[in-house]
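This report refers to the structure that appears directly beneath it.
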Amino acid sequence: FQALRENAAAHGKVLLVDHDTVVVDLSYKSEGVIALSEFGAKPPAIGDEVEAWVMALENVDGQVQLSIKEAQRHKVWESMADGAQEGTVLSGKVTEAVKGGCVVDIGMRAFMPARECDIRYVEDLSVLVGKDVSVQVIEADRDNRKVVVSRRSVLRNEREKKKGSLFETLATGQTHHGTVTNITDFGAFVDIGGADGLVHKGDLAWGRVEKVSD
């Protein structure tokens with residue numbers, strides 16, 4: 001038998017899935033129950049292993065009341081406490097664009113300010129909704145359950161690594177493919193995989209270029 005206590009994690013195996021409840025075998029004197037809605041769009045299958053948080057050892061029906069979401073929140077707080085100073089990267093999904101930034105689901109609701117969404121300015125934040133992202137926690141207030149995250153810091157670190165690798169092999173005469181990142185009156189800046197290079201206005205085409213944006 002598993003020794004259970006309230007406000008602690010428990011492991012079990014899914015026994016039954018009905019229209020609103022998931023029943024879990026906890027190897028305990030009674031079974032556990034989780035609201036089906038906590039699993040989101042993908043309900044569990046019979047036999048799946050789950051980790052949940054014990055909300056109450058006995059509900060009105062004599063079953064152990066469990067919560068998947070509460071277990072996820074505690075895992076997030078633990079990961080932040082263990083690795084916030086070392087820059088631990090967390091995985092999440094952008095769920096909505098709001099005033100001043102985006103909401104990211106990292107096991108709990110987190111706010112990502114607009115300036116932290118990307119290395120470069122993103123005019124329409126709605127293009128990020130639904131995307132899986134890697135973020136770092138830059139502010140955490142456990143008492144108020146407030147978490148602020150940054151995708152920009154993760155992208156910047158990845159870019160610095162690419163830049164280092166790029167300059168180890170970069171040489172005059174090489175051909176590189178890239179993405180235009182900025183346009184000026186005198187030329188275009190192109191990201192060639194970790195660093196921006198300038199293509200001067202006179203080198204953009206065989207003929208005369210009046211406007212770089214063309």
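If you sort Asp143, Asp18, Asp191 by accessible surface, 1.4 Å probe, largest first, the order is Asp143, Asp18, Asp191. Helices in the chain, meaning DSSP H runs of at least 4 residues, each add -39500 (n - 2.57). Divided by all residues, the mean residue ellipticity at 222 nm is -5500 deg cm²/dmol. Its alpha carbons considered, segment 136-213 gives a radius of gyration followed by a Dmax of 18.7, 63 Å.
Return the carbon/sulfur percentage of the accessible area of segment 1-73, one whole number, probe 1.4 Å, all protein chains in place. Before the final figure, lay out each step's value.
Values: 2120 of 4250 Å².
Of the solvent-accessible surface of segment 1-73, carbon and sulfur hold 50 percent.
Over segment 13-164, the pair-distance histogram of Cα-Cα distances with 10 Å bins from zero comes to 10, 33, 28, 20, 8, 1, 0 percent, rounded to whole numbers. Using the Cβ-Cβ distance between Glu6 and Val98 with R0 = 45 Å, the FRET efficiency computed as 1/(1 + (r/R0)^6) comes to roughly 0.85. Of the residues Glu58, Glu38, Glu96, Glu160, the one with the largest accessible area comes first in the ranking Glu58, Glu160, Glu96, Glu38, computed with a 1.4 Å probe on protein heavy atoms.
Set the Förster radius R0 to 22 Å, insert the Cβ-Cβ distance between Leu198 and Glu160 as r into 1/(1 + (r/R0)^6), and round the FRET efficiency to 0.05.
On the way: r = 20 Å, r/R0 = 0.90.
After rounding to 0.05, the efficiency reads 0.65.
Solvent-accessible area per residue in segment 101-142 equals 55 Å², computed with a 1.4 angstrom probe and all protein chains kept. Solvent-accessible surface (1.4 Å probe) assigned to Ser213 amounts to roughly 80 Å².
What number, in percent, do you get for the relative contact order of segment 137-193 if the mean sequence gap of Cα pairs under 8 Å and at least 6 apart is divided by its residue count? Relative contact order of segment 137-193: 21 percent. Residue order by solvent-accessible surface for Leu15, Leu128 is Leu15, Leu128, largest first, with ligands and nucleic acids left out and a 1.4 Å probe.
Amide H contacts for Asp118 (H built 1.01 Å from N in the peptide plane; partners 5 or more residues away or on another chain; cut-off under 5 Å): Arg152.
For the chain, the longest principal axis of the C-alpha atoms and the axis of helix 152-169 are separated by about 50°. The mean sequence separation of alpha-carbon pairs under 8 Å and at least six residues apart, normalised by the residue count of the chain, gives a relative contact order of 11 percent.
The values are calculated or read from the model by the stated rules, or taken from the named source; none is laboratory data. Just so it is clear, the model here is predicted, and its values are computed rather than measured. Quick reminder, even Gly has a Cβ in these numbers, built from the backbone with ideal geometry, and neighbours come from all protein chains shown. Surface accessibility is based on the protein's heavy atoms, side chains included, excluding ligands, DNA and RNA. Shrake-Rupley method; radii C 1.70, N 1.55, O 1.52, S 1.80 Å.
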